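Here's the structure, in structure tokens; my notes come after.
The values are calculated or read from the model by the stated rules, or taken from the named source; none is laboratory data. Worth saying up front: this structure is predicted, and the values here are computed from it rather than measured. No Cβ is skipped: glycine too gets one built from the backbone with ideal geometry, and neighbour counts run over all protein chains shown. Quick note on the areas: whole protein, heavy atoms, side chains included, nothing else; ligands and nucleic acids left out. Shrake-Rupley method; radii C 1.70, N 1.55, O 1.52, S 1.80 Å.
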Amino acid sequence: MGNDDDENDSIDEQDYQLQLARDIFRNPEDDEDEWLGTEAEHDGISELKWTCPINTTGADDVSIVYHLAFLAPGHGDSLWNSSRCIAEHILDPKRRAVLLGILLLDNEQNGRKFSWPPKTCLEFGAGAALPSLALLHAGAQKVVFTDRYVNEQTFDALKLSIEKNALAWNIGEEEIGRRTAIAGHTWGEEIEILLKAVAASETNDADGSENENAQHVDLLIASDCIYNPTYHAALLQSASALIEPSTGFFIVGYSLHGNVPTSHVERFFTEAKQEYGLEVVHELVVEYSEGQMGIGSVDEERGNVYMKILACRDSVHCKDINS
């Protein structure tokens with residue numbers, strides 16, 4: 001009986017420490033996103049709503065519910081500007097044209113280029129997964145949410161985000177099961193397993209026809225994943241193995257956090273080109289004068305988001321640029 005009491009006391013203390021840490025780690029008043037509370041059945045997971053203002057005439061703003069896991073790996077317990085920025089450029093046609101216009105399909109001129117919405121997408125280090133959720137809203141046929149496996153809480157948060165938004169967007173269970181997948185992935189490891197998650201079925205196309213590129217990804221996304229140069233090579237190993245070699249591309253969004261010199265962060269793109277045959281085909285800088293809102297930083301320079309799009313050296317995108 002005494003052992004049971006000790007165990008209950010231990011659990012109560014753990015709950016208290018978790019609640020205390022959660023209160024310290026986030027203050028809803030610091031966010032411009034709407035705080036929706038904490039999931040009662042998923043302790044340590046907070047729920048927020050982000051609204052993307054659409055600048056295109058006649059289009060409505062888009063709201064996305066996202067979840068943050070307190071025990072997420074890395075810094076996945078915060079919403080970073082790069083995640084928000086990429087999502088904005090996915091959802092808003094006017095912004096999307098600025099970021100992807102030169103890469104998108106032009107039926108009259110080049111039937112080989114990338115068409116929108118993409119068929120198969122994958123996000124590395126998803127965390128809040130705003131870009132993946134935006135792609136789901138935009139009509140992507142398959143969206144694979146990945147993050148490093150540390151505990152189930154991270155994946156519970158992703159499941160909640162998919163479920164809540166599917167309900168809001170009237171996407172049924174069967175369809176959401178077909179269009180989404182969640183996979184644990186440590187960059188550079190067990191890539192074959194991830195390829196199977198991408199090609200979860202033999203028929204990825206909406207009409208049921210076989211997709212010749214089922215084991216490659218049309219659109220890869222990494223949001224604030226290159227701040228630590230230690231992991232550059234591992235991320236590039238995964239990206240180069242997954243990307244569709246002819247028309248696929250890889251959006252890398254990042255801010256400069258000052259943890260290492262800027263040149264060390266940007267070596268990622270040099271290594272991508274020299275070691276993995278991935279070249280930058282377009283780039284864009286978006287300023288966020290309020291700083292990094294997700295972590296309460298008001299440093300304007302740290303708030304800016306740099307987006308670079310990479311494609312395989314032999315892809316149609318690189319050939320067009322070099323011709």
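For the reader, a short list of remarks on this structure follows.
- Cα shape, the stretch 107-180, gyration tensor, a/c 1.5 rule: oblate
- Taking 18 Å as the straight-line reach from the Cα of Lys319, the lysines in range (excluding those fewer than 8 positions away in the same chain) are Lys113, Lys273, Lys308.
- Spin-label model distance (nm) - Asn259 vs Leu195, 7 Å beyond Cα toward Cβ: 3.1
- Whole-number accessible area per residue in Å² for the stretch 245-292, which is evaluated in the context of all protein chains at 1.4 Å: 46
- For the pair Glu301 and Glu287, label points projected 7 Å from Cα toward Cβ lie 1.5 nm apart.
- Antiparallel DSSP beta bridges within the stretch 157-311, percent to nearest 5: 70
- Virtual spin-label span in nm between Glu173 and Glu152, 7 Å along Cα→Cβ: 1.9
- Sequence-distant residues sharing a close amide H with Thr56 (under 5 Å, placed H): Lys94
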